[in-house]
Amino acid sequence: CSRNVKLVLSSLNSMFEHLIASLKSYASLTDEELKDFISKTESQVFSKGETLLETGAVCMSWAFVTKGSFREYHLNENLDDVTTNLFVENTWVLNHQSFTGQKPSKSKIEAFEKSEVLSISIHSIHELIGKSPSYFPLGKILEVEAERMQSQASPEQKYLELLNNKPAILQKFP
């Protein structure tokens, strides 16, 4: 059985290479556990401007960007469009507050260009955690998003952080 899992994983590795690398950066998962996680994902394609999460909807999944980019934004009291987050390839997309609280989102997440994601539902995440405590460290994905949400940096500080740590975002978004 273990040999079959390795054969399946090796054929999936090229398609899921960056997702697997991200999962391994958060948790020590066996090949079988990686296969189980991947089996729970759903591939989705979004056209430019298509919505991943609507304002007022509850975020019910994590999505890993395999191609393209997304923008999270809300409208302020003057109905000005305020971007709160940008997501590029090989990053996780979710609305932390909506997902963890299972409350309606105050922002919208939409594709900035034609994009593809691998998503996993909250129900599947809970099912995996029920099978093995090895999945618990994946909660760090939520912690990273929570830290970003709590950042009180000025726009200039945020720009410098992007310039130094995430230059791919500046290349994707004007």
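Screening ASN76 on (1) out of contact with any His (no Cβ under 9 Å at 6 or more places or on another chain); (2) modelled with pLDDT under 95; (3) open to solvent by 70 Å² or more (accessible area, probe 1.4 Å) shows it passes everything except condition (3). Picking from residues in the range 116-174 that are of a type in the set (Ser, Thr, Tyr) and loosely packed, with under 12 Cβ neighbours inside 10 Å, the one that is modelled with the lowest pLDDT is SER151. Selection of the range 116-144 for residues being among the aliphatic types (A, V, I, L, M) and over 13 Å from the mean Cα position of the chain (by Cα) yields ILE125, LEU128, ILE129.
Residue-level check: of (1) closer than 18 Å to LEU94 by Cα; (2) more than 15 Å from the chain's Cα centre (by Cα), GLU33 misses just (1).
To keep it simple, each residue is scored yes or no on (1) assigned to a strand (DSSP E or B); (2) touching a residue at least 24 places away in the same chain (Cβ under 8 Å).
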{"position": "GLY49", "(1), (2)": "no, yes"}
{"position": "VAL65", "(1), (2)": "yes, yes"}
{"position": "PHE70", "(1), (2)": "yes, yes"}
{"position": "GLU77", "(1), (2)": "no, no"}
{"position": "PHE87", "(1), (2)": "yes, no"}
{"position": "GLN97", "(1), (2)": "no, yes"}
{"position": "LYS106", "(1), (2)": "no, yes"}
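The set of residues in the range 97-115 that are open to solvent by 10 Å² or more (accessible area, probe 1.4 Å), more than 15 Å from LEU86 (Cα to Cα) and under 14 Å from the mean Cα position of the chain (by Cα) comprises GLN97, PHE99, THR100.
Of all residues in the range 30-47, those satisfying the criterion of being in a helix (DSSP H, G or I) and touching a residue at least 12 places away in the same chain (Cβ under 8 Å) are ASP31, GLU32, GLU33, LEU34, LYS35, ASP36, PHE37, ILE38.
HIS126 fulfils the conditions (1) without any contact (Cβ under 8 Å) to a residue 12 or more places away in the chain; (2) in a loop (DSSP other than H, G, I, E, B) except for a single criterion, (2).
The values are calculated or read from the model by the stated rules, or taken from the named source; none is laboratory data. This structure is a prediction, so every number in the text was calculated from the model and none was measured. So basically every Cβ, Gly included, is an ideal-geometry build from the backbone, and we count neighbours across all protein chains shown. Remember, those area values only see protein heavy atoms, side chains included, never the ligands or the DNA or RNA. Shrake-Rupley method; radii C 1.70, N 1.55, O 1.52, S 1.80 Å.
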